[in-house]
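Visitor: The structure's right below; bear with me while I get my questions together.
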Amino acid sequence: MSKITAAIAGVGGWVPEDVLTNHDLEKMVETNNEWIVTRTGISERRILKVEGAGTSYIAIKAIQDLLSKTKTNVLDIELIICCTTTPDFVFPATANLIAAELGCTNAWGYDLQAACSGFLYGLSTGSQFIETGKYKKVLVVGADKMSSIINYQDRATCIIFGDGGGVALLEPNHEGLGIQDFQLHSDGNGAPYLHMKAGGSRKPASHESIDAREHAVFQEGATVFKFAVTNMSDVTTKLMERNGLTSEDLSWFVPHQANRRIIEAVANRLNVPIEKVIINIQKYGNTTNGTLPLCLWEFEKQFKKGDKVVLSAFGGGFTWGALYMKWAY
Ligand code: UT7
């Protein structure tokens, strides 16, 4: 019997309609369009303004897109891994809310927290349930309502992040396509440079924490930038070498969309020409767990069966990693 690999059998995505442009931000903080475009590559991002809607709203829209495109029955879904940094609630898990809303009554699920590397962690862990033969349909969703944890008076962060998400359906493959290899890392020593100060069990919400605007992303941008370039380049190089993959062999490089300069620096170190690099940061900014699946969703039509695709990410934690797959459809 041939070895079972876990392959992406379909993708879905969704971003909110409301657009927040650089020119809008010029009216909110001391910044300008030119600085944002040249330093980050971002022109606009989407903001979820639906009253009472959290990350599950984004995830559900993305999954509905996938289910209708792939003609998948909700009752066939066995597991939902929701990769998010902005869960609807501390508990219960957003995955549970998604399953209930969609009627996935045969599925269980859990939330996965690895900040911007979440979707890579999710694909890697989800693939294990397929490769063992345990399950045939696993949803890995990456979604964030970053606007819920952004201080729109902090120009160092509010220009970067946006809301959105996407999802991949993992199924068994018997042709050797799909996920070939991955390498993941984490280092809690990076926590001081990118985190949210309050709202967790160390510092629950209080009048003081709200007044100090501690329920929002804190980032020491320049430090994170350096770690992102070095670690994404190193882990991707190792993964490619281990799989005998040269930059010429590679069909597509799909990097986390945090900053266009990070993407270009990593691509440069890997010697991957920019034509092979998937970039949509100009439209959506950094959607954290949403960036990688939104890239797959938006460029799906350009991928061909057998294409060699490498994904790479870096995020708060620190977390980072890379994953190599052969596109399966
Ligand atoms: O996805 C998770 C991982 N996150 C990342 O990978 C993000 C990594 N970091 C970055 O993308 C960049 O560091 C930022 C976009 C956050 C900042 O860009 P930078 O080139 O590293 O700028 P900087 O923080 O070193 O600041 C340079 C200057 C400073 O002014 P002075 O001190 O040189 O006078 C800042 O005060 O730019 C100033 N500045 C701004 N100016 C206009 C910072 N933010 C802004 C702004 N508009 N929004």
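Visitor: Do we find that Asp249 is within 16 Å of the ligand (Cβ to nearest atom), surrounded by fewer than 21 Cβ atoms within 10 Å (Cβ to Cβ) and under 28 Å from Lys304 (Cα atoms) in this structure?
Guide: Here the answer is no, as Asp249 does not meet what is asked.
Visitor: Give the residues of the stretch 1-59 that are farther than 30 Å from Ile130 by Cα and β-branched (Val, Ile, Thr), sorted by residue number.
Guide: Val19, Thr21, Val29, Thr31, Ile36, Val37, Thr38, Thr40, Ile42, Ile47, Val50 - these are the residues of the stretch 1-59 that are farther than 30 Å from Ile130 by Cα and β-branched (Val, Ile, Thr).
Visitor: Has the stretch 283-302 got any residue that is of a type outside the set (Val, Ile, Thr), more than 17 Å from the chain's Cα centre (by Cα) and at positive phi? Write out each step before concluding.
Guide: Filtering the stretch 283-302 down to residues of a type outside the set (Val, Ile, Thr) leaves 283-286, 289-290, 292-302.
Then keep just the ones that are more than 17 Å from the chain's Cα centre (by Cα); that gives 301-302.
Cutting the leftovers down to at positive phi gives us none.
No, because not a single residue in the stretch 283-302 is of a type outside the set (Val, Ile, Thr), more than 17 Å from the chain's Cα centre (by Cα) and at positive phi.
Visitor: I would also like to ask the following. Give the residues of the stretch 252-267 that are within 16 Å of the ligand (Cβ to nearest atom) and either of a type in the set (Phe, Trp, Tyr) or in a helix (DSSP H, G or I) (or both), sorted by residue number.
Guide: First, the residues of the stretch 252-267 that are within 16 Å of the ligand (Cβ to nearest atom): 254-267.
Passing the criteria: Arg260, Arg261, Ile262, Ile263, Glu264, Ala265, Val266, Ala267.
Visitor: Got a number for residues in the stretch 49-82 being assigned to a loop (DSSP other than H, G, I, E, B) and either within 16 Å of the chain's Cα centre (by Cα) or surrounded by fewer than 23 Cβ atoms within 10 Å (Cβ to Cβ) (or both)?
Guide: 10
Visitor: Checking the structure you have, find out if any residue of the stretch 99-110 is surrounded by fewer than 16 Cβ atoms within 10 Å (Cβ to Cβ), without any contact (Cβ under 8 Å) to a residue 60 or more places away in the chain and part of a helix (DSSP H, G or I).
Guide: Within the stretch 99-110, one or more residues are surrounded by fewer than 16 Cβ atoms within 10 Å (Cβ to Cβ), without any contact (Cβ under 8 Å) to a residue 60 or more places away in the chain and part of a helix (DSSP H, G or I).
Visitor: State which residue is most open to solvent (accessible area, probe 1.4 Å) when the search covers only the stretch 1-46 and only residues that are assigned to a strand (DSSP E or B) and of a type in the set (Ser, Thr, Tyr).
Guide: Thr21
Visitor: Considering only the stretch 258-292, how many residues are free of Cβ contacts under 8 Å to residues at least 60 places away in the same chain and over 23 Å from Ala59 (Cβ atoms)?
Guide: Counting residues in the stretch 258-292 that are free of Cβ contacts under 8 Å to residues at least 60 places away in the same chain and over 23 Å from Ala59 (Cβ atoms) gives 15.
Visitor: Name the single residue that is nearest to the ligand (Cβ to nearest atom) among those in the stretch 207-217 being open to solvent by 40 Å² or more (accessible area, probe 1.4 Å) and farther than 25 Å from Arg39 by Cβ. Before you say what the answer is, go through the steps one by one.
Guide: Filtering the stretch 207-217 down to residues open to solvent by 40 Å² or more (accessible area, probe 1.4 Å) leaves 207-208, 210-213, 215.
The next check asks that each one be farther than 25 Å from Arg39 by Cβ; those that pass are 207-208, 210-212, 215.
Numbers: His207: 29, Glu208: 26, Ile210: 24, Asp211: 23, Ala212: 20, His215: 18 Å.
Looking at the filtered set, the residue picked out is His215.
Visitor: If you don't mind, another one. Any residue that is part of a helix (DSSP H, G or I), within 30 Å of Asp18 (Cβ to Cβ) and not β-branched (Val, Ile, Thr) - is there at least one of those in the stretch 172-189?
Guide: No.
Visitor: A follow-up question, please. Could you list, in sequence order, the residues of the stretch 83-96 that are farther than 14 Å from Ser148 by Cα, surrounded by 16 or more Cβ atoms within 10 Å (Cβ to Cβ) and over 16 Å from the mean Cα position of the chain (by Cα)?
Guide: Listed by number, the residues that qualify are Ala93, Asn96.
Visitor: Residue under question is Thr319, and the condition is that it be within 10 Å of the ligand (Cβ to nearest atom), surrounded by 19 or more Cβ atoms within 10 Å (Cβ to Cβ), within 30 Å of His23 (Cα to Cα) and not acidic (Asp, Glu); does it hold?
Guide: For Thr319, the condition - within 10 Å of the ligand (Cβ to nearest atom), surrounded by 19 or more Cβ atoms within 10 Å (Cβ to Cβ), within 30 Å of His23 (Cα to Cα) and not acidic (Asp, Glu) - is not met.
Visitor: If you don't mind, another one. Quick check on my filter: what residues within the stretch 218-231 are within 9 Å of the ligand (Cβ to nearest atom) and either of a type outside the set (D, E, K, R) or outside any helix (DSSP H, G or I) (or both)?
Guide: Initially, the stretch 218-231 is screened for residues within 9 Å of the ligand (Cβ to nearest atom), giving 219-229.
The answer is Gln219, Glu220, Gly221, Ala222, Thr223, Val224, Phe225, Phe227, Ala228, Val229.
Visitor: What number of residues within the stretch 273-321 are closer than 20 Å to Asp187 by Cα and either in the same structural domain as Thr157 (by TED's automatic domain parsing) or not aromatic (Phe, Trp, Tyr) (or both)? Explain how you work it out, then say what you get.
Guide: Kept after step one, since they are closer than 20 Å to Asp187 by Cα, are these residues of the stretch 273-321: 288-289, 311-321.
Restricting the remaining residues to those that are either in the same structural domain as Thr157 (by TED's automatic domain parsing) or not aromatic (Phe, Trp, Tyr) (or both) gives 288-289, 311-313, 315-317, 319, 321.
The qualifying residues number 10.
Visitor: Tell me which residues, restricted to the stretch 284-299, are within 16 Å of the ligand (Cβ to nearest atom) and open to solvent by 10 Å² or more (accessible area, probe 1.4 Å).
Guide: Hit for the stretch 284-299 is Tyr284, nothing else.
Visitor: Additional query: Go through the residues of the stretch 300-310 one by one and say whether even a single one is within 16 Å of the ligand (Cβ to nearest atom) and acidic (Asp, Glu).
Guide: Kept after step one, since they are within 16 Å of the ligand (Cβ to nearest atom), are these residues of the stretch 300-310: none.
Among the residues of the stretch 300-310, not one is within 16 Å of the ligand (Cβ to nearest atom) and acidic (Asp, Glu), which makes the answer no.
The values are calculated or read from the model by the stated rules, or taken from the named source; none is laboratory data. Keep in mind the model is a prediction, meaning the values are calculated, not measured. Note that each Cβ is placed from the backbone with ideal geometry, even for glycine, and that neighbours are counted across all protein chains shown. The protein model used for the area step is the full one, side chains on, heavy atoms only, and it has no ligands, DNA or RNA in it. Shrake-Rupley method; radii C 1.70, N 1.55, O 1.52, S 1.80 Å.
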